[in-house]
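Below: the structure, in structure tokens.
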Amino acid sequence: MSFTLQLWQKPDDWPWPSSYKEADGQISRLFAQGATGQNPRFIEFGKGLYERFPEETGVWLDGSEAGETDEAVLVFGISTRHDDFTPAYLWAVEVAGRLGLVITDPQTGDTFLPDGRRVDDRGQVTPTPRPAPSAAAAGGISSVRELGWEALRQAAANRQPGAVFELGRRLRYGVDGQRRHLWVSYALLRLGAHDEASRAEADERWGLIGESEQPRLRAIHDRLAAAAGPALLAIVDEERRALDELFARGQREMMDNRTWKAGLDHVHDAAAAGHEVAAYWVAFCAMSTHTPPVWKSFDTWSRVSAEWDHGPAKELRHHVLLRGIGQPDERPDAAKAAWWREQLAAPPREWPREGQPLAQVTAWFAGDGVPFALLTQGAQFERGRAGLKPDLLRAYDCYVRGAEAGDADCTYNVAVLIERWRAPRPLVIALFMIAHSRGSQQRAEGLKVGADEKEAARALMRDLLRPGLMRSVIESQVRLPSPDALAASPSSSPSSSAAPGSGASRSSASTGNASVSRESLARRRREAQEDDAADHVGADGSGASRLWLGLGLVVAPLMMAMARPGLGFRMAMLLGAALGAWGVWRFTARGEWSWPIRLVLAAAAAFPVGGLLVSGLLLARSFRT
């Protein structure tokens, strides 16, 4: 099998082809002209080709070895059975351009013009990836490993096995400044394996993939195997973009309590596919979502992220190894710490020194702006955990930074704190509304909102949601308490703000390691709610209201079952109606019900059938929420 290429010179009065179809039409016209005499440029091209690449390397010319032909088109070929035909292909494109000749590749639909442009079969024009003229003339490219990134992509598009394999290798190791994509890498390695050594390496890489990921890997491999030319590169680029989009989607979902678990799964999938920043996030989540922290998972993923050349992860590895954090028996390893220090271009940032190792690691990730770390650090300062002293101002600072990043529970916690600091009600309402829109599952019960307050809150929401303005808008309306005032205030105990892990269940954050159980998350949520339940915004004491609803629910069917004529029964009916109506009226006195609706519901509950329906529905709603 070989690439058959066509070398020709465009007549001066013909336009440059803008697509492969136009180029093929011009070639047909040249062939139709018959013998036109020897083109001296063909002789120069043919001699240079055979001097640089003799016939033993799989190169052949149509006619003679010197490029002698009286046709207007010189046909030549490069054998694809040769282990490394890419240098010959690129040399031909480069030298033809310098001679003012055009090369057309019927296999890929590419036409290489002398001015350095490449026109594909869809009419798209791109710069031609080629080596520098001096390197090509001197024969400086002897292997696909010496090709630049764009030249290698072009060679892989031409389905040269060595180039396809090398493209997979570079995507595996992240060289040339390219982000890793392990699934695409392993598929390309198997697709481009061309000898015993490369096939052994491809099989080894493929065997590292677990059974759950095999279908995904096979799907990518099959798509690449069925593609050629620009289509192959389009699939590679599509998969690489999808990896970045997967991590970005996971970041967004992790800030929404309703999609927290799905977001963590997406971040983990991106990390498993080779995304170094995703691996950095997983390192923190794998440790912080467990009680006690799972330091083994943290150590594994932070090391992987550092090995994949993520700068903050390299700094982190230096510090944790120097201090023994997350290491077996907490033993420091100064030698490894020094090695990671040498991998940094600048001195590492200062390590947080407050609190226990859990608080220090959390502060490190919070310094990198990881929203879940900001929520966790804020809870640590608010409740005085992980060896930190309670500090509501620093908790507020963490929550505001997380809220500005878009985290739902951080936004909710800012509202809880400033409400206790006597913030204007429209501001508090606006923050609760933003938290709810972002997916917070925390409730602000009993928060009665008037029409004027609602309009003012909506106006504030627009300002609060402007990038980088949330803190300034809040602090322009709220006078933050001084540390002395907070220390002297008896109400400075931890509030019932949202704690990390509340409102969502988590699955395993690391492959093959411990997973987060629903029980542990429920325990965390109970702890957060029990810290100061009396201060919860909208504590409505609905237990008594539920009792009234229960009485109404029981009395209604009893009245219907024991219907009897007489004054005594009518009095009992009136008493049952009063109980049902009073229970509904009391239960709906919680701010979210307007008084006309409360009146209608209470009137309906005064009748046996209506009381049964209304009381039952409200009671079910009460327990569900």
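The values are calculated or read from the model by the stated rules, or taken from the named source; none is laboratory data. Model, not experiment: these values are computed from the prediction. Because the Cβ atoms are built from the backbone with ideal geometry, glycine has one as well, and the counts that use them run over all protein chains shown. Heavy atoms of the whole protein, side chains included, go into the accessibility calculation; ligands, DNA and RNA do not. Shrake-Rupley method; radii C 1.70, N 1.55, O 1.52, S 1.80 Å.
Per-residue HN-Hα couplings for region 330-343, Karplus 6.51 cos²θ - 1.76 cosθ + 1.60 at θ = phi - 60°, whole Hz, x for Gly and Pro?
Result, rounded to whole Hz: 6, 8, x, 10, 5, 5, 5, 4, 5, 5, 5, 4, 5, 7.
Ranked highest first by average number of other Cβ atoms within 10 Å, how do 149-160, 215-226, 371-382 line up?
Packing order, densest peptide first, comes out as 371-382, 149-160, 215-226.
Give me the extension gain from K47 to A334: residue separation times 0.36 nm, minus the current Cα-Cα distance, reported in nm with one decimal.
So the extension gain works out to 97.2 nm.
In square angstrom, rounded to the nearest 10, how much accessible surface does Y20 have for a 1.4 Å probe?
Counting only protein heavy atoms, the figure is 50 Å².
Order of 346-356, 185-195 by packing, highest average Cβ count within 10 Å first? Write down the numbers at each step before the final one.
Numbers: 346-356: 13.5, 185-195: 22.6.
Most protected by this proxy first, the peptides run 185-195, 346-356.
May I ask for the Kirkwood hydrodynamic radius of region 246-292, worked out over all distinct Cα pairs and given in angstroms to one decimal?
Details: mean 1/r = 0.0966 Å⁻¹.
Value: 10.4 Å, from the Cα pair sum.
Applying the Karplus parametrisation 6.51 cos²θ - 1.76 cosθ + 1.60 with θ = phi - 60° to the phi angles of region 578-584, what ³J(HN,Hα) value in whole Hz is obtained for each residue in order, glycine and proline being reported as x?
5, 4, x, 5, 5, x, 5
Evaluate region 252-348: find the radius of gyration of its Cα atoms, find its Kirkwood radius, and give the ratio Rg to Rh. Walk me through the intermediate numbers first.
Details: Rg = 14.0 Å, Rh = 13.8 Å.
My calculation of the ratio gives 1.01.
If amide hydrogens are placed 1.01 Å from N in the peptide plane, which non-local residues have theirs closer than 5 Å to the one on D110?
Residues meeting the amide H criterion: D105.
Send over a whole-number figure in Å² for the accessible area per residue of region 307-425, probe 1.4 Å.
So region 307-425 comes to 42 Å² accessible per residue, rounded to a whole number.
Using the Karplus equation 6.51 cos²θ - 1.76 cosθ + 1.60 (θ = phi - 60°), what ³J(HN,Hα) coupling, rounded to whole Hz, does each residue of region 393-399 give in order, writing x for Gly and Pro?
Rounded to whole hertz, the list is 5, 6, 4, 4, 4, 4, 5.
State the Kirkwood hydrodynamic radius of region 284-435 in Å, one decimal place, computed from all pairs of distinct Cα atoms. Mind showing how you got there, number by number?
Values: mean 1/r = 0.0608 Å⁻¹.
The Cα-based Kirkwood calculation yields 16.5 Å.
How large is the translational diffusion coefficient of region 403-482 in µm² per second when you combine the Kirkwood radius over alpha carbon pairs with Stokes-Einstein at 25 °C and 0.890 mPa s? Walk me through the intermediate numbers first.
Working: Rh = 12.5 Å.
The Stokes-Einstein estimate is 197 µm²/s.
What's the local net charge at D203, with K and R +1, D and E -1, over the other residues with C-beta under 11 Å away?
0
Starting from the amide H of D391, placed 1.01 Å from N in the peptide plane, find each other amide H under 5 Å away whose residue is 5 or more places distant or on another chain.
The list, which skips near neighbours in sequence, is E382, G384.
Using the Kirkwood radius built from alpha carbon pairs, what does the Stokes-Einstein equation give as D for region 161-212 at 37 °C and 0.692 mPa s, in µm² per second? Write down the numbers at each step before the final one.
Values: Rh = 10.8 Å.
Answer from the Stokes-Einstein relation: 305 µm²/s.
Report the FRET efficiency, 1/(1 + (r/R0)^6), for Q343 and A485, where r is their Cβ-Cβ distance and R0 is 45 Å, rounded to 0.05.
0.45
Reported to two decimal places, what Rg/Rh ratio describes region 358-458 when computed on Cα atoms with Rh from the Kirkwood expression? Before the final figure, lay out each step's value.
Values: Rg = 14.1 Å, Rh = 13.9 Å.
In region 358-458, Rg relative to Rh is 1.02.
Per 0.36 nm of contour for each residue apart, how much would the distance between A226 and R145 grow if the chain were fully extended, relative to their Cα-Cα spacing?
The span from A226 to R145 would gain 26.7 nm if fully extended.
How far is it, in nm, from the label point at E455 to the one at R241 when both lie 7 Å from their Cα along the line to the Cβ?
Calculated label separation equals 4.6 nm.
If the cut-off is a Cα-Cα distance under 27 Å, which lysines reach K47, setting aside same-chain residues fewer than 8 apart in sequence?
Qualifying lysines at Cα under 27 Å: K10.
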